[in-house]
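Notes follow once the structure below has been shown.
The values are calculated or read from the model by the stated rules, or taken from the named source; none is laboratory data. Since the structure is predicted, the reported quantities are computational estimates derived from the model, not experimental observations. Here the Cβ positions follow ideal geometry from the backbone for every residue, glycine too, while neighbour counts run over all protein chains shown. Each accessible area value is taken on the protein alone, full model and side chains, heavy atoms only, with ligands, DNA and RNA left out. Shrake-Rupley method; radii C 1.70, N 1.55, O 1.52, S 1.80 Å.
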Amino acid sequence: MPGGVVGLIATADTGRIEAPVTLKAYMMCAFAAFGGIFFGYDSGYINGVIGMNYFVHLYTGLDPNDPRFNAKTGSDPGGFALPSWEKSLIVSILSAGTFFGALMAGDIADFTGRRTTIILGCIVFIIGVILQTASSTYGLLVAGRLVAGFGIGFVSAIIILYMSEIAPKKVRGAIVSGYQFCITIGLLLASCVDYGTQNYTTTASYRVPIGLQMLWAIILATGLFFLPESPRYFVKRGKIDRAADVLGRLRGQPRDSEFVQTELAEIVANHEYELQMIPQGSYFTSWANCFKGSLWVQKSNLRRTILGTSLQMMQQWTGINFIFYFGTTFFQQLGTISNPFLIGLITTLVNVCSTPISFYTIERFGRRTLLVWGALGMVICEFIVAIIGTADGGNPTTVKAEIAFICIYIFFFASTWGPGAWVVVGEIYPLPIRSRGVALSTASNWLWNCIISVITPYMVDKDEGNLGPKVFFVWGALCVCCFIYAYFLIPETKGLSLEQVDRMMEETTPRNSAKWVPHSTFAAEMGLTDKGTLAPEIVEDVERKGSVV
């Protein structure tokens, strides 16, 4: 075997299955989170653009100089605004493309690697942005957003997988939370750009916010050329020698150091164990493996797949993207706000400032705790907004109170469900189905993102459902479901390696998971020899099976 990796050192000490981590490794993980910026920016810029006078003029043919045309103040007596169906399609088509892109990303990541898939996603995204920037017709804009959606699907699905697989277990939650933080920065940047270009009387009013997205994709793709591939990807492909190389690079250790060999032994042994539990087969069999087992068995693949996909569904059910997609037009409809774009900027600023709190709390209190209490906080805020808005919505003082509680609601989301859902999804799947499981979960996020984007204008627009603040009764009721869901179904994965998460989900229930303590290693159980090395046949079996995956 090349490089001497057959001598992988097995250990029964659960505290020694991960090598010490250097500052360089933390910086690698942090840069990978940069992918969230153009995800957030693309989600955020459309919020302001669809409310801009010149954009509405261009896509409706209405004169922006007409005295009745006053989308900024929301008076809109002549109906000078995009029809509900056009707003719905422009916003939701991106999510539709992202849904299919995320599903495709799982396969591509298994065959070409996690890093390569992200770079490919950046390229596809740039093509979509070029089409949007060049558009002067409704059809080309929609087509460009669809193409860009495919690129975001690649990135959003695999960046979480990549970070989860390379991040140290002690700070994995904080590192993955950095991805959500970058999403909020992207949303803030989009709001700032929208605010600065809202009064332009040329196509620059919308082309500048759209075209700027290319910069974020170029930065991410360029940086990824200098980052290593995931060592777990190489183990899955049976390339143990290359896995040792990149793991040494990630941990700042020589590839033949005891630390690297011990950590790699645990990854290899866990993968061998999972291969025994989940026999590999054809392409369709590999997808079918995601749905094997009983729904009532905690460790089954079906249970984990449903957990991941439903968790991302619940994140969308919180209603947060109602604020970030349609907040500007919603504030316009309240009729008492002089500058809805400024309020939109404030809400995104609250989002940015609140997210870093999770860097500490998600490792200090755990994933499960944050999701339970975060859902409860959002329930209270949303019902308060709905009640006071319905009872006295025309009062400027009441509107200010609504905005205040919307900001508190955003605080609860940004510090809990925003990062927490992504962290858990990146941790709960075993290696043989991890790429496809994360892809399915991300696709679920975008599917529900798309559904909410489609139906929301019909719920709140004055010429449709005209719910106004009453829409928060809907989001509040759905957040009650999120609270119940988190309490009964979310396991605690804090402080565990990805391999230990596998064992925890086999041996305990979500409500008791926080008390679970690792008691053995896969390496010790699967291949501990007299000399303390992982049995060569284990390594050879993983290499043989990996060559045909």
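Restrict the check to region 472-490 and report whether at least one residue is open to solvent by less than 10 Å² (accessible area, probe 1.4 Å) and closer than 19 Å to residue 169 by Cβ.
Keep residues of region 472-490 that are open to solvent by less than 10 Å² (accessible area, probe 1.4 Å), which gives 472, 475-476, 479, 482, 486, 490.
Within this subset, residues satisfying the condition of being closer than 19 Å to residue 169 by Cβ are 490.
Checked against the condition, which is being open to solvent by less than 10 Å² (accessible area, probe 1.4 Å) and closer than 19 Å to residue 169 by Cβ, region 472-490 yields at least one hit.
Does region 95-115 hold any residues that are open to solvent by less than 10 Å² (accessible area, probe 1.4 Å) and closer than 29 Å to residue 226 by Cα, and which are they?
Step one: of region 95-115, the residues open to solvent by less than 10 Å² (accessible area, probe 1.4 Å) are 95, 97-98, 101-102, 105-106, 109-110, 113-114.
97, 98, 101, 102, 105, 106, 109, 110, 113, 114 - these are the residues of region 95-115 that are open to solvent by less than 10 Å² (accessible area, probe 1.4 Å) and closer than 29 Å to residue 226 by Cα.
Determine whether residue 495 is on the phi > 0 side of the Ramachandran plot, open to solvent by 10 Å² or more (accessible area, probe 1.4 Å) and either among the aliphatic types (A, V, I, L, M) or not in a helix (DSSP H, G or I) (or both).
Details: on the phi > 0 side of the Ramachandran plot: yes; open to solvent by 10 Å² or more (accessible area, probe 1.4 Å): yes; either among the aliphatic types (A, V, I, L, M) or not in a helix (DSSP H, G or I) (or both): yes.
It is true that residue 495 is on the phi > 0 side of the Ramachandran plot, open to solvent by 10 Å² or more (accessible area, probe 1.4 Å) and either among the aliphatic types (A, V, I, L, M) or not in a helix (DSSP H, G or I) (or both).
Taking region 429-441, which residues are open to solvent by 10 Å² or more (accessible area, probe 1.4 Å) and at pLDDT 90 or above?
Scanning region 429-441 gives a single hit, 440.
Among the residues of region 158-193, what is the count of those that are under 11 Å from the mean Cα position of the chain (by Cα) and not in a helix (DSSP H, G or I)? Full working, then the answer.
First, pick out the residues of region 158-193 that are under 11 Å from the mean Cα position of the chain (by Cα): 158-161, 176-183.
Retained after the next criterion (residues that are not in a helix (DSSP H, G or I)): none.
Residues in region 158-193 being under 11 Å from the mean Cα position of the chain (by Cα) and not in a helix (DSSP H, G or I): 0 in total.
Can you name the condition, by its number, that residue 193 falls short on among (1) within 28 Å of residue 111 (Cα to Cα); (2) at pLDDT 80 or above?
(1)
So residue 444 passes all but one of these: (1) touching a Gly at 6+ places or on another chain (Cβ under 9 Å); (2) open to solvent by less than 10 Å² (accessible area, probe 1.4 Å). Which condition number does it fail?
Status for residue 444: all satisfied but (2).
Please go through (1) open to solvent by 50 Å² or more (accessible area, probe 1.4 Å); (2) charged (D, E, K, R); (3) under 18 Å from the mean Cα position of the chain (by Cα) for residue 368 and return the number of the only condition it doesn't satisfy.
So residue 368 meets the others, but not (1).
Can you tell me which residues in region 156-177 are open to solvent by less than 10 Å² (accessible area, probe 1.4 Å) and not aliphatic (A, V, I, L, M)? Talk me through it step by step, then tell me what you get.
Here is the first cut: in region 156-177, the ones open to solvent by less than 10 Å² (accessible area, probe 1.4 Å) are 156-168, 172-173, 176-177.
Result: 156, 162, 164, 165, 168, 172, 173, 177.
Taking region 371-428 only, how many residues are of a type outside the set (D, E, K, R), modelled with pLDDT of 85 or more and not in a helix (DSSP H, G or I)?
2
Looking at region 316-333, is at least one residue over 16 Å from the mean Cα position of the chain (by Cα), modelled with pLDDT of 75 or more, part of a helix (DSSP H, G or I) and within 28 Å of residue 93 (Cβ to Cβ)? Write out each step before concluding.
Pass one, region 316-333, residues over 16 Å from the mean Cα position of the chain (by Cα): 322-323, 325-333.
Then drop every residue that is not modelled with pLDDT of 75 or more, which leaves 322-323.
Okay, now just the ones that are also part of a helix (DSSP H, G or I), so 322-323.
Keeping just the survivors that are within 28 Å of residue 93 (Cβ to Cβ) gives 322-323.
Yes, some residue in region 316-333 is over 16 Å from the mean Cα position of the chain (by Cα), modelled with pLDDT of 75 or more, part of a helix (DSSP H, G or I) and within 28 Å of residue 93 (Cβ to Cβ).
Conditions (1) in a loop (DSSP other than H, G, I, E, B); (2) modelled with pLDDT under 75; (3) of a type in the set (Asp, Glu); (4) closer than 30 Å to residue 238 by Cβ, marked per residue:
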site	(1), (2), (3), (4)
21	yes, yes, no, yes
36	no, no, no, no
42	no, no, yes, no
58	no, yes, no, no
69	yes, yes, no, no
80	yes, yes, no, no
87	no, yes, no, no
95	no, no, no, no
104	no, no, no, yes
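Any idea how many residues of region 194-227 are assigned to a helix (DSSP H, G or I) and either open to solvent by less than 20 Å² (accessible area, probe 1.4 Å) or touching a residue at least 60 places away in the same chain (Cβ under 8 Å) (or both)?
Looking only at region 194-227, we keep the residues that are assigned to a helix (DSSP H, G or I), and these are 194-197, 204-211, 213-224.
Next cut, either open to solvent by less than 20 Å² (accessible area, probe 1.4 Å) or touching a residue at least 60 places away in the same chain (Cβ under 8 Å) (or both) only: 194-195, 197, 205-207, 209-211, 213-214, 216-221, 223-224.
Selection size over region 194-227: 19.
Tell me which residues, restricted to region 228-239, are hydrophobic (A, V, I, L, M, F, W, C) and either open to solvent by 20 Å² or more (accessible area, probe 1.4 Å) or in contact with a Lys or Arg (Cβ under 9 Å, 6 or more places away or on another chain) (or both).
Step one: of region 228-239, the residues hydrophobic (A, V, I, L, M, F, W, C) are 234-235.
If the condition is that a residue be hydrophobic (A, V, I, L, M, F, W, C) and either open to solvent by 20 Å² or more (accessible area, probe 1.4 Å) or in contact with a Lys or Arg (Cβ under 9 Å, 6 or more places away or on another chain) (or both), then 234 is the only one that fits.
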